[in-house]
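Asker: Okay, handing you the structure first.
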2 protein chains.
Amino acid sequence: MLTIKGRILLFLAEQGGIARELPISTVKLAEELKISQQTASRVLIELERAGLIERAGIGRKHVIKLTEEGLKELLEMYTSLKRVFETPVEVELEGYVFSGLGEGAYYLQIPYYARKFEEKLGFKPYPGTLNIRLTGRDQVLRRLMVEKAADIEIESFSDERRSYGGAKCIRALMNGEEEVAIIFAERTHYPKEVVEVIAPICLRERFKLRDGDKVTLKVRVSPINL
Amino acid sequence: MLTIKGRILLFLAEQGGIARELPISTVKLAEELKISQQTASRVLIELERAGLIERAGIGRKHVIKLTEEGLKELLEMYTSLKRVFETPVEVELEGYVFSGLGEGAYYLQIPYYARKFEEKLGFKPYPGTLNIRLTGRDQVLRRLMVEKAADIEIESFSDERRSYGGAKCIRALMNGEEEVAIIFAERTHYPKEVVEVIAPICLRERFKLRDGDKVTLKVRVSPINL
DNA sequence: ATTACTATTTCCCGAGTAA
DNA sequence: TTTACTCGGGAAATAGTAA
């Protein structure tokens, strides 16, 4: 992915060639980067001519350090990549509403979950989940992406009666208007193309939804979490 | 600095190819990256074979997206660069102590400066500066580097009588033992090979220094500030 | 329009070797 | 030892063109 010039420049920077002069021979450099001594020599000459490094020959020992230009070159690449990895991308999920068997509502009225959701999401969830069946190519992959990025954790829990499975959530925007959360329950009988959504309000009322209506979910995901 | 594969992968990521399928032709891609259409086509084939991207031809329109592998590839480069730019490097300055004309002491007893230094550095400076003349090749460049990274600002100031010049400071470790600060005064009559150091204590006493004694200053600098 | 083949040129890596 | 030249082979880029 990096040219030889790039690899050498990066290697020199990693070795501390930013702050001080590195005593390194073309032979050593070639060994480290698994290239020939000749190539190392030639590329150093080119980097020097391009003003990206400076060399000095003190007696037999040669030393190398990056110039400001050389550091700038690396910095440019760094900022490009930084932008890619630190700018959230919007992933859009699309699917159709359908009715479940009311398990969502069942779980949400269990005090443990109700309390946890309110604590972690900052709202008291309406006691019912909206089931959405994703459609179209690529949707399941996107769902996996979103699940991977889901960063709000509801821990599993057990009391003397039974155990409660955990879940992961992530905030989303439904139909471009309403703040909701997608729930990925640890134990679910739904297949991978289904997601469950909760919100502080009744989403069916809010959007006048009937089974089969299409809805969209926009999720902001940082690529570094993928 | 990036190979064509790298440039194309980065471009696709920048265009949002992480989260969704991009509709982009080899002609457009070639234009954007200033390469030939043929090269764009060939490289896409290679990237696809390497498992870094996925393509789908929906009718005439072709779409491209990065695979997890492709994103991982970029992430590796990103983490290498991140390490380089976010790991502080230690810059070592070396020089000989000499006596000035007492201006350091003069300025440090001016209440404005005394107060400012204490506020910004977190210690009450001993009323006197230690003057150090840097020696050896590369030292002046290092000094410039350190000055550029100096991030503690003492603002200039004026009252009815006169104006007080500003300064920039940076923390350093003298002789590997004592926490000090290097002062880069805006107005100084010293040449570039001289730095002035202050500390909460009398450094001359602490290290039993006499004129001509050698001292070192270690400064931690984040490469991103250079 | 589009992608991608084949042919040609250009460029770059590394072997041999001088200094 | 060290760096860096010349040069031959091969990879990689573009041109031409088919589908």
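Asker: Residue check: is B:V63 farther than 30 Å from B:S156 by Cβ and away from DNA strand C (no atom under 16 Å from the Cβ)?
Answerer: no
Asker: Hey, another quick one. Which numbered condition trips up B:I198, out of (1) buried (at least 20 other Cβ atoms within 10 Å of the Cβ); (2) at pLDDT below 95?
Answerer: So the condition that B:I198 fails would be (2).
Asker: From the list B:E76, B:E118, B:E94, B:E103, which residue is surrounded by fewer than 19 Cβ atoms within 10 Å (Cβ to Cβ), outside the structural domain of B:G165 (by TED's automatic domain parsing) and of a type outside the set (K, R)?
Answerer: The match here is B:E76.
Asker: In this structure, does B:E68 turn out to be farther than 30 Å from A:E54 by Cα and surrounded by 15 or more Cβ atoms within 10 Å (Cβ to Cβ)?
Answerer: So B:E68 passes the test.
Asker: Right, another one. Tell me the residue from A:V63, A:V97, A:V89 that is within 11 Å of chain B (Cβ to nearest Cβ), touching a Leu at 6+ places or on another chain (Cβ under 8 Å) and either within 16 Å of DNA strand D (Cβ to nearest atom) or among the β-branched types (V, I, T) (or both), please.
Answerer: Values: A:V97 fails: within 11 Å of chain B (Cβ to nearest Cβ); A:V89 fails: touching a Leu at 6+ places or on another chain (Cβ under 8 Å).
Every option except A:V63 fails the conditions.
Asker: Just the residues that are loosely packed, with under 14 Cβ neighbours inside 10 Å and β-branched (V, I, T), please, taken from the stretch B:18-36. Step through it out loud before you land on a result.
Answerer: Within the stretch B:18-36, the first condition is being loosely packed, with under 14 Cβ neighbours inside 10 Å, and the residues that meet it are B:23, B:27-28, B:31, B:34, B:36.
Of everything in the stretch B:18-36, just one residue is loosely packed, with under 14 Cβ neighbours inside 10 Å and β-branched (V, I, T), namely B:V27.
Asker: Just to be sure I understand the filter: pairs with C-beta atoms under 7 Å, separated by 6 or more residues or on different chains, first member in the stretch B:213-226 and in a helix (DSSP H, G or I), second member among the aliphatic types (A, V, I, L, M). Which pairs pass?
Answerer: Filtered contacts from the stretch B:213-226: B:P223/A:I18; B:P223/A:L71; B:P223/B:V84; B:P223/B:V89; B:N225/B:A149.
Asker: Taking into account only those residues within the stretch B:7-24 that are in contact with an Asp or Glu (Cβ under 8 Å, 6 or more places away or on another chain) and over 23 Å from A:V140 (Cβ atoms), which is nearest to the other protein chains (Cβ to nearest Cβ)?
Answerer: Pass one, the stretch B:7-24, residues in contact with an Asp or Glu (Cβ under 8 Å, 6 or more places away or on another chain): B:9, B:11, B:19-21.
Now drop any that are not over 23 Å from A:V140 (Cβ atoms), which leaves B:9, B:11.
Numbers: B:L9: 7, B:F11: 10 Å.
Only one residue fits best here, namely B:L9.
Asker: Tell me, which strands (runs of 3 or more DSSP E) lie completely within the stretch A:80-179 with 3 or more residues that are aliphatic (A, V, I, L, M)? So that I can check it myself, show each step before the final result.
Answerer: Details: elements: A:89-98, A:130-134, A:152-154, A:167-174.
Strands (runs of 3 or more DSSP E) meeting the threshold: A:89-98, A:130-134, A:167-174.
Asker: Scan the stretch B:198-210 and tell me whether some residue there is in a strand (DSSP E or B), assigned by TED's automatic domain parsing to the domain that holds B:L108 and on the phi < 0 side of the Ramachandran plot.
Answerer: yes
The rows are residues; the columns are (1) within 16 Å of DNA strand C (Cβ to nearest atom); (2) charged (D, E, K, R); (3) in contact with a Lys or Arg (Cβ under 9 Å, 6 or more places away or on another chain).
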residue	(1), (2), (3)
B:T39	yes, no, no
B:L44	yes, no, yes
B:L52	yes, no, yes
B:M77	no, no, no
B:T87	no, no, no
B:Y107	no, no, no
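Asker: Among (1) assigned to a helix (DSSP H, G or I); (2) farther than 30 Å from B:L12 by Cα, where does A:G57 come up short?
Answerer: A:G57 satisfies every listed condition except (1).
Asker: So is B:G102 of a type outside the set (A, V, I, L, M), under 30 Å from B:R210 (Cβ atoms) and more than 16 Å from DNA strand D (Cβ to nearest atom) or not? Can you show your working first?
Answerer: Details: of a type outside the set (A, V, I, L, M): yes; under 30 Å from B:R210 (Cβ atoms): yes; more than 16 Å from DNA strand D (Cβ to nearest atom): yes.
So B:G102 fits the description; yes.
Asker: May I ask you to list the residues in the stretch A:188-206 that are of a type outside the set (D, E) and closer than 24 Å to A:V140 by Cα? Show your work before the answer.
Answerer: Pass one, the stretch A:188-206, residues of a type outside the set (D, E): A:188-192, A:194-195, A:197-204, A:206.
If the condition is that a residue be of a type outside the set (D, E) and closer than 24 Å to A:V140 by Cα, then A:T188, A:H189, A:Y190, A:P191, A:K192, A:V194, A:V195, A:V197, A:I198, A:A199, A:L203, A:R204 are the ones that fit.
Asker: Same structure again: Here is a list: A:K208, A:K214. Which entry is among the basic types (K, R) and over 16 Å from A:E94 (Cβ atoms)? Give the steps one after another, and end with the answer.
Answerer: On the way: A:K214 fails: over 16 Å from A:E94 (Cβ atoms).
Exactly one of A:K208, A:K214 is among the basic types (K, R) and over 16 Å from A:E94 (Cβ atoms), namely A:K208.
Asker: Among the residues of the stretch A:25-54 satisfying the criterion of being within 14 Å of another protein chain (Cβ to nearest Cβ), of a type in the set (A, V, I, L, M) and in a helix (DSSP H, G or I), which is farthest from DNA strand D (Cβ to nearest atom)?
Answerer: A:L33
Asker: Could you figure out which of (1) touching a strand residue (DSSP E or B) at 6+ places or on another chain (Cβ under 9 Å); (2) more than 30 Å from B:Y164 (Cα to Cα); (3) of a type in the set (D, E) isn't true of B:E86?
Answerer: Here B:E86 clears every test but (1).
Asker: Would you please name the residue that is farthest from DNA strand C (Cβ to nearest atom), looking only at residues in the stretch B:13-24 that are part of a loop (DSSP other than H, G, I, E, B) and not β-branched (V, I, T)?
Answerer: B:A19
Asker: Looking only at residues that are without any contact (Cβ under 8 Å) to a residue 24 or more places away in the chain and of a type in the set (A, V, I, L, M, F, W, C) in the stretch B:25-37, which one is nearest to DNA strand C (Cβ to nearest atom)?
Answerer: Once the filter is applied, the top-ranked residue is B:V27.
The values are calculated or read from the model by the stated rules, or taken from the named source; none is laboratory data. Since this is a predicted model, take the numbers as computed values, not measurements. With ideal geometry, Cβ positions are generated from the backbone for all residues, glycine too; neighbour counts draw on all protein chains shown.
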